[in-house]
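The next block holds one structure in the form of structure tokens; read it before the comments.
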Amino acid sequence: MQEKHLFEYAVIRVVPLVEREEFMNVGVILYCAKLKYLQVRYQLNKEKLCGFNNALDIETIEHYLAALEGICAGLPGSSPIAQLPIPERFRWLTATRSTVVQTSKVHPGFCSDANAMLQQLFTQLVL
């Protein structure tokens, strides 16, 4: 039997009009300290997003989401935050913000396969 590992995750949301507090789930960030795992998976439904606000700058949102991906991967040149240790990157990515791209509160769980859990959460919460 495979060992279960504690993980934490947050849902990435796009909030087209912050003052209305409406949002659409577009991705998931999953962090597992024991496995030194930090990954993000996202997908934008542009038509649905424009239904919230047709003046939304989709290209900028895609840029922000790609930056999250670079920070998770620790890519040099993506951001100074990407050079921080994995736990600090996760905490920075999931910090409360009042912007168009936000994350939910952090939720815990246990899994034996972090990649499979990320896909499962992505399917349940985004697709």
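Over the Cα atoms of segment 5-125, what is the Rg over Rh ratio if Rh follows Kirkwood?
Rounded to two decimals, Rg/Rh equals 0.97.
Scanning the chain for trypsin sites (Lys or Arg not before Pro) in DSSP loops with at most 14 other Cβ atoms within 10 Å, what's the longest stretch left with none?
Here the longest run is 37-96.
List the equivalent ellipsoid semi-axes of segment 11-52 in whole Å, largest first, each obtained as the square root of 5λ for an eigenvalue λ of the Cα gyration tensor.
They are 27, 12, 4 Å, listed largest first.
Hey, what do the phi angles of segment 15-23 turn into as Karplus ³J(HN,Hα) couplings, whole Hz, using 6.51/-1.76/1.60 and θ = phi - 60°, x for Gly and Pro?
Once θ is set to phi - 60°, the couplings for segment 15-23 become 10, x, 10, 3, 5, 8, 6, 8, 8 Hz.
Could you work out the helix-only [θ] at 222 nm for the chain, with each DSSP H run of four or more residues adding -39,500 (n - 2.57) and the total divided by the number of residues, to the nearest 500 deg cm²/dmol?
-10000 deg cm²/dmol, from helical runs alone.
Keeping to pairs on different chains or 8 or more places apart, tell me how many lysine pairs in the chain have Cα atoms under 28 Å apart.
Close lysine pairs found across the chain: 7.
Once you keep just the Cα pairs under 8 angstrom separated by 6 or more residues, what percentage relative contact order results for the chain?
So the answer I get is 36 percent.
Would you look at the GNM of the chain, springs on alpha carbons closer than 10 Å, and say which of Ile71, Ile29, Ile61 moves the most?
Evaluated over the chain, the most mobile residue of the options is Ile61.
In a Gaussian network model over the chain where Cα atoms closer than 10 Å are linked, find which of Gln39, Gln102, Gln83 has the largest mean-square fluctuation.
Of the options given, Gln83 has the highest mean-square fluctuation.
What ³J(HN,Hα) values, in whole Hz, does the Karplus curve 6.51 cos²θ - 1.76 cosθ + 1.60 give for segment 112-119 when θ = phi - 60°, with x put for Gly and Pro?
Calculated HN-Hα couplings, in order: 9, 9, 5, 4, 5, 5, 4, 5 Hz.
Whole-Hz ³J(HN,Hα) for each residue in segment 99-104, computed from phi via Karplus 6.51 cos²θ - 1.76 cosθ + 1.60 with θ = phi - 60°, x for glycine and proline: what do you get?
10, 5, 9, 10, 10, 6
Each value in this text was obtained by applying a stated rule to the coordinates, not by laboratory testing. The structure presented is a predicted model; accordingly, all values stated were derived computationally and were not measured. Please note: Cβ atoms are built from the backbone with ideal geometry, for glycine as well, and neighbour counts cover all protein chains shown.
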